[in-house]
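Quick notes on the structure that follows.
The values are calculated or read from the model by the stated rules, or taken from the named source; none is laboratory data. All values derive from a computational prediction rather than experimental measurement. Because the Cβ atoms are built from the backbone with ideal geometry, glycine has one as well, and the counts that use them run over all protein chains shown. Note: areas computed on protein heavy atoms with side chains; ligands, DNA, RNA excluded. Shrake-Rupley method; radii C 1.70, N 1.55, O 1.52, S 1.80 Å.
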Amino acid sequence: MRKWIAVFVILLLVLLCAYWLIPGKTNVHQKTIVPVNTRAFAREILDEQKWQQWWPGKQTRSSSFKFKENTYRLEEKKLSSLMITINNGTDSLSTELIFVPLQADSIELSWNGIKNSNTNPLHRLQNLSWTKNLDADINLLLQKIRSFYSNEDNLYGFHIEKALVADSNLISTSTTTRAYPTTEVIYALVDKLRNYIQKNEAKELGYPMLNIYKNPDSFYLVRVAIPTDKKLNNSGDIQYRWMLQGGNILVTEVKGGQQQIERAFIKMENYVEDHRRIAPAIPFQSLVTDRRQEPDTNKWITKVYWPVM
């Protein structure tokens with residue numbers, strides 16, 4: 001009998017020690033610094049549809065992601081943070097992922113959460129073990145975020161290069177259409193310029209350049225230009241154009257049809273705004289693939305150029 005009493009007393013002392021030694025509140029707190037354009041990061045991290053590109057687990061629903069035994073659910077988007085609930089089927093924890101700009105090209109991420117325990121020492125011990133493992137998982141997730149978003153190709157979805165304008169002499173012509181211009185309309189302008197180049201014994205120095213602008217009255221202004229080896233005179237609706245040779249220009253290569261090209265223009269515009277650049281001239285497409293010879297738009301190669309200063 002005394003033996004069982006002694007065992008009971010020891011267990012009671014252990015539980016009392018656990019109650020006093022294990023805190024009633026446990027927390028997760030991890031942070032890292034990401035070398036990334038702060039405007040671009042704040043925009044892209046809010047799009048949870050892209051999280052699967054860096055998330056080490058799997059996406060279970062539109063705003064829920066599984067990693068190990070825990071489910072992370074995006075509950076609320078704020079201007080400078082995300083509210084994320086973490087659940088393991090038994091316990092849950094409300095956390096906040098905060099992003100604080102340090103400079104234009106770096107941001108600090110801080111992921112925090114506090115878990116309250118009840119007076120049960122066993123529950124406190126279990127809670128301490130869970131949050132300790134969770135803290136390590138969150139550190140890994142922050143490193144995944146850092147690795148993914150510090151790569152500008154991932155941030156913008158295209159490889160954007162900085163280059164210099166190589167050709168300064170251009171000839172250009174244009175037309176307007178009610179509907180979006182067809183391949184036939186575009187290449188009719190290209191052929192007109194090529195005939196003029198040959199007539200004047202000049203040479204083409206690059207691929208045809210294309211800019212399409214939709215006017216407020218819903219007409220499309222279609223402008224085509226071709227770089228040449230010398231200056232040519234104006235003739236009717238064919239005009240000489242000049243670009244600053246050696247000027248700065250952004251370029252990315254696109255494989256695909258019009259939808260993919262338009263997406264590249266949106267991303268390039270974001271890049272220009274994020275880096276606070278100014279466009280001294282209109283952006284344009286460079287028609288690497290002859291679209292008359294290749295009807296499959298998925299095989300089109302187009303370069304998108306955006307002059308900047």
TODO: Output the qualifying pairs, or none if there are none: Cβ atoms under 7 angstrom, residues six or more apart or on different chains, first residue in segment 230-241 and more than 15 Å from LYS192 (Cβ to Cβ), second residue of a type outside the set (A, V, I, L, M) and open to solvent by 70 Å² or more (accessible area, probe 1.4 Å).
DONE: none
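Has segment 149-164 got at least one residue that is closer than 18 Å to ASP237 by Cβ and of a type in the set (D, E, K, R)? Write out each step before concluding.
We begin by selecting, within segment 149-164, every residue closer than 18 Å to ASP237 by Cβ; these are none.
Checked against the condition, which is being closer than 18 Å to ASP237 by Cβ and of a type in the set (D, E, K, R), segment 149-164 yields no hits at all.
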Task: Cross-chain or 6+ apart pairs with Cβ under 9 Å, segment 255-280 first and farther than 12 Å from TYR156 by Cα, then hydroxyl-bearing (Ser, Thr, Tyr) and open to solvent by 10 Å² or more (accessible area, probe 1.4 Å) - done: GLY256/THR297; GLY257/THR297; GLN258/TYR180; GLN258/THR297; GLN259/THR297; GLN260/THR297
- [ ] Please verify whether segment 142-149 includes one or more residues that are over 17 Å from the mean Cα position of the chain (by Cα), crowded, with 16+ Cβ neighbours inside 10 Å and under 23 Å from VAL254 (Cβ atoms).
- [x] no
Open item on the list: It is to be established whether one or more residues within segment 122-133 are open to solvent by 80 Å² or more (accessible area, probe 1.4 Å), free of Cβ contacts under 8 Å to residues at least 40 places away in the same chain and in a strand (DSSP E or B).
Closed with: no
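Residues are listed down the side, and each one gets a yes or a no for (1) part of a strand (DSSP E or B); (2) in contact with a helix residue (DSSP H, G or I) (Cβ under 8 Å, 6 or more places away or on another chain):
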{"position": "GLN52", "(1), (2)": "no, no"}
{"position": "PRO56", "(1), (2)": "no, yes"}
{"position": "THR60", "(1), (2)": "yes, no"}
{"position": "THR71", "(1), (2)": "yes, no"}
{"position": "LEU82", "(1), (2)": "yes, no"}
{"position": "SER94", "(1), (2)": "yes, no"}
{"position": "PHE99", "(1), (2)": "yes, yes"}
Open item on the list: If ALA166 satisfies all but one of (1) in a helix (DSSP H, G or I); (2) at pLDDT below 95; (3) among the aliphatic types (A, V, I, L, M); (4) open to solvent by less than 80 Å² (accessible area, probe 1.4 Å), what's the number of the condition it fails?
Closed with: (1)
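Give segment 295-309 a look and list any residue that's more than 18 Å from VAL224 (Cβ to Cβ) and either among the aromatic types (Phe, Trp, Tyr) or assigned to a loop (DSSP other than H, G, I, E, B) (or both), or say none. Talk me through it step by step, then tell me what you get.
In the first step, residues of segment 295-309 are kept if they are more than 18 Å from VAL224 (Cβ to Cβ); the result is 295-299, 308-309.
If the condition is that a residue be more than 18 Å from VAL224 (Cβ to Cβ) and either among the aromatic types (Phe, Trp, Tyr) or assigned to a loop (DSSP other than H, G, I, E, B) (or both), then PRO295, ASP296, VAL308, MET309 are the ones that fit.
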Task: Residues that are assigned to a strand (DSSP E or B), modelled with pLDDT of 95 or more and open to solvent by 70 Å² or more (accessible area, probe 1.4 Å), drawn from segment 214-240 - done: ARG223
Open item on the list: With the structure loaded, tell me whether ARG291 is of a type in the set (Lys, Arg) and out of contact with any Ser or Thr (no Cβ under 6 Å at 6 or more places or on another chain) or whether it fails that test.
Closed with: no
TODO: Determine which single condition SER172 fails, assuming it passes every other condition in (1) more than 25 Å from GLY257 (Cα to Cα); (2) crowded, with 17+ Cβ neighbours inside 10 Å.
DONE: (1)
- [ ] Looking at (1) open to solvent by 30 Å² or more (accessible area, probe 1.4 Å); (2) over 26 Å from GLU273 (Cα atoms); (3) out of contact with any Gly (no Cβ under 9 Å at 6 or more places or on another chain); (4) not aliphatic (A, V, I, L, M), find the lone condition where THR71 falls short.
- [x] (3)
- [ ] Search segment 264-281 for residues being surrounded by 15 or more Cβ atoms within 10 Å (Cβ to Cβ) and of a type in the set (Lys, Arg), and hand back the single one that is farthest from VAL190 (Cα to Cα).
- [x] ARG277
Open item on the list: Scan segment 255-262 and tell me whether some residue there is modelled with pLDDT of 95 or more, within 17 Å of ALA163 (Cα to Cα) and touching a Ser or Thr at 6+ places or on another chain (Cβ under 9 Å).
Closed with: no
